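Below is one structure, written out as structure tokens; comments come after it.
The values are calculated or read from the model by the stated rules, or taken from the named source; none is laboratory data. Just so it is clear, the model here is predicted, and its values are computed rather than measured. Every residue, glycine as well, gets a Cβ built from its backbone with ideal geometry; the counts of neighbours run over all protein chains shown.
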Amino acid sequence: MIRKTGLAIIAVMAASVYEAILLGFLYLLFFGIALMMAFWVDIVLFHASQSKKMKAVTIRRDLKDNYGRKNQWVTINLSVENSSKSRVAFHYFDSLSDVFRSRGDFKGYLTLMPGESRIISYEIAPQAVGKYYVGPVEMYAEDPFRICVLNYVAERITEIHVSPSLADLHGARADRMSNIRFTEGLHRSKSVGQGYNFYGIRPYTESDDLRYVSWSRYGTVNGEDLYVKQMEEERQMEVHFLIDYSLAVNYGYSDKRMYDRLIIDSINAAYSIIKNHDGVGFMLFSSDHDIYIKPARSDVSINTLERAVADIRPSGEFDLAAALENVRQKIRKSSLIMVMTPLSGSTHFSLSKSSLIQKGKQITVFIVEPSEFIDQSGLTEPYKKILRSQLMRRINTLKNDASMIRALGLNCYVVQESRLYARMVMEYQYGKIVG
Amino acid sequence: MERSRTSELVSNIGVMTPSILVFGFVIPYVLTVMTYAVWIPLFSLPFIRLIIPRRFRYLVYRIALLVILSIYIFAELSYTGIIPAPFADPYLFLQLVQIDVIVSLFFSMGFISMIEGIVADRPFGSLGYMLGSLFIFGEQLSAVYLFTSPLYPLIYNQLLPYTRSLPVSFPSSAPTYFGNAYIINYIVQYYAIYTLIFRGAEGVQLPLTVIHNFFDYFVLGGLVISFSSMVWKLYLEGESDDVYRLPGLAIAVIGGVFISLFIIIFIDLFQSIGYQFAALSFLLVGLWLTAGILVRSSSRGKTINI
């Protein structure tokens with residue numbers, strides 16, 4: 001391919017020939033033709049020789065493991081071999097998604113002698129969960145005059161599956177260990193039944209089991225009165241996190257991407273919940289994804305989620321009505337359901353009565369506002385002001401949407417992502433209390 | 001190879017050598033006819049551009065062009081009476097079509113191209129500026145060759161009636177006035193192109209072709225230096241660790257020079273038997289065809305999977 005510069009230079013050289021003819025300037029005529037012919041020889045020779053040479057280059061990519069965690073450095077080795085009988089020189093770069101941080105020679109310039117092979121090592125660290133591709137390896141060669149370029153693509157594509165990082169979950173682990181925030185007093189339950197905690201006593205009736213008679217209180221009033229002990233029943237809840245996994249959550253920059261943060265916040269909240277011996281389940285929902293992870297009272301469901309998000313990326317569209325209908329069909333038991341969505345896909349709501357009124361289910365919709373996912377670092381003050389006003393308008397729209405959803409009978413809040421975890425745990429606490 | 005600003009400047013000066021030499025040669029003649037009010041502000045433009053903040057640089061030539069065009073429009077309107085006094089100054093209009101002003105404008109454009117070529121960032125930028133400035137200076141060079149030729153008084157007397165029929169004002173009709181030589185040069189060029197197209201060969205030999213001057217050697221040397229500097233500059237632009245690019249450059253340059261020799265011999269052969277137009281047509285059509293084939297053969301975005 002001749003570059004724009006090359007095209008310009010061909011035009012300029014042709015113009016110089018015209019100019020020389022017009023002036024009768026023979027030296028300039030010779031100069032113009034000589035330079036143009038030099039470019040011509042260069043382009044023809046380059047096209048004729050370079051294709052043959054480049055086709056003899058073989059490339060292989062090796063990496064230890066296709067599965068990794070977010071922010072974990074993965075070493076990639078590119079083996080490049082020149083099996084032709086002549087020297088070959090080219091620029092190369094391994095195509096990487098913008099979620100990868102990189103260090104080392106993922107791009108550069110290589111000169112390989114006949115038969116020479118070389119291993120190029122570099123490292124990448126993904127900054128978000130999901131499935132990403134490394135490759136293809138793109139190479140391009142330039143002619144000596146640098147007026148044309150030939151592109152070569154080695155279709156070597158490697159999948160990398162990324163789970164949430166341990167560093168992101170560290171906060172939740174510390175939370176579980178400290179037992180100070182959020183988990184304090186979560187066992188308040190007014191239901192009476194079978195359990196280990198003493199609740200009170202009441203007079204004995206004929207239907208009561210004699211095992212629960214409080215013999216120490218026997219005859220305290222009139223010598224014949226009998227009482228039974230009441231025990232607090234441990235009621236276990238099931239909490240479901242329904243995460244919008246449409247293209248709308250594929251939003252943000254570098255290590256601040258909405259889908260990644262929603263997954264992390266859900267997992268952190270889930271760890272807090274399973275500490276109380278309550279079950280946690282997950283749903284990743286969009287028009288392209290319908291993943292349901294059944295609730296469990298251990299970290300089984302969390303581990304399943306980590307594996308699930310490593311194999312997919314947000315895609316499709318999200319519709320709240322369809323999501324609630326999916327909840328109605330898949331979750332039969334009473335449950336606390338927390339829906340997380342930026343609500344950028346749906347512009348109108350057509351929620352049916354059956355999806356709104358779901359017996360035994362307490363549904364809360366968290367609308368995540370976009371302000372924390374916009375990189376404002378490179379913006380000057382006027383642009384920041386414009387951005388702020390646009391964001392305010394967007395947040396007001398979202399608040400109106402939230403009011404409308406509340407009017408339909410669901411809990412709904414507009415939240416910043418940084419407060420989402422706390423809001424989810426608070427909602428869980430409230431759910432435990434009101435049961 | 002690491003590109004420094006100094007090496008870039010040196011190679012740019014190398015590329016611009018023909019323009020600089022021709023500029024130095026013609027300026028004593030051209031200064032005799034130039035209008036100070038025109039060339040002094042225009043000559044200062046590239047220097048103004050260099051000293052003002054970078055974000056305003058692109059405005060300099062645009063503003064200059066707007067000012068020149070507005071002066072011209074005001075002068076036209078004044079002359080035709082559309083704008084009343086105090087703008088009705090016919091002298092202003094006359095001055096614009098005066099040969100002095102025309103020479104000053106063109107020469108200033110050549111000078112601006114020359115300075116821009118010296119400070120150009122891109123390798124092909126300086127080549128473009130060199131050819132642009134050489135086109136303007138070439139006109140002046142041609143006029144100087146004609147002016148200094150022993151045959152000039154004869155040509156002058158023959159072509160004087162034609163110059164008087166042109167809508168251009170002359171401050172002097174003396175043969176010693178350089179402006180007259182400039183216009184006569186234009187007439188000769190026009191006649192040559194006219195006869196080349198309609199009669200198959202140039203009816204008159206152009207001053208730069210037929211008149212020989214000691215300065216020819218300087219022009220030739222300048223073009224050789226320019227050619228070499230261009231190649232050197234392109235080598236500097238390339239990858240530092242690839243010394244093997246040099247043979248490729250050498251093959252292209254030597255091949256190009258040999259092919260152009262054949263082309264010049266071909267043109268000369270046809271010219272000698274009176275088919276100059278045919279030869280030049282072959283050349284020009286051939287050049288464009290070559291360019292077209294090259295562009296088509298490497299379509300945009302074409303990638304090869306290996």
Among the numbered criteria (1) over 30 Å from residue B:227 (Cβ atoms); (2) at pLDDT 85 or above; (3) surrounded by 23 or more Cβ atoms within 10 Å (Cβ to Cβ); (4) not aromatic (Phe, Trp, Tyr), which single criterion is violated by residue B:180? (2)
Which of the residues that make up segment B:273-306 are within 19 Å of residue A:37 (Cβ to Cβ), modelled with pLDDT under 70 and of a type in the set (Ser, Thr, Tyr)? B:297, B:298
Subset tally (residues that are out of contact with any Lys or Arg (no Cβ under 7 Å at 6 or more places or on another chain) and touching a residue at least 60 places away in the same chain (Cβ under 8 Å)) for segment A:305-325: 10
How many of the residues in segment B:29-60 are of a type in the set (Ser, Thr, Tyr), part of a helix (DSSP H, G or I) and in contact (Cβ under 8 Å) with a residue 40 or more places away in the chain? 1
Considering only residues of segment B:188-209 that are loosely packed, with under 13 Cβ neighbours inside 10 Å and among the hydrophobic types (A, V, I, L, M, F, W, C), which is farthest from residue B:220 (Cα to Cα)? B:198
Residues that are over 21 Å from the mean Cα position of the chain (by Cα) and within 9 Å of another protein chain (Cβ to nearest Cβ): list the helices (runs of 4 or more DSSP H) wholly contained in segment B:195-295 that include at least 2 such residues. B:215-237, B:245-272
Return yes or no: is residue A:46 under 25 Å from residue B:130 (Cβ atoms) and in contact (Cβ under 8 Å) with a residue 24 or more places away in the chain? yes
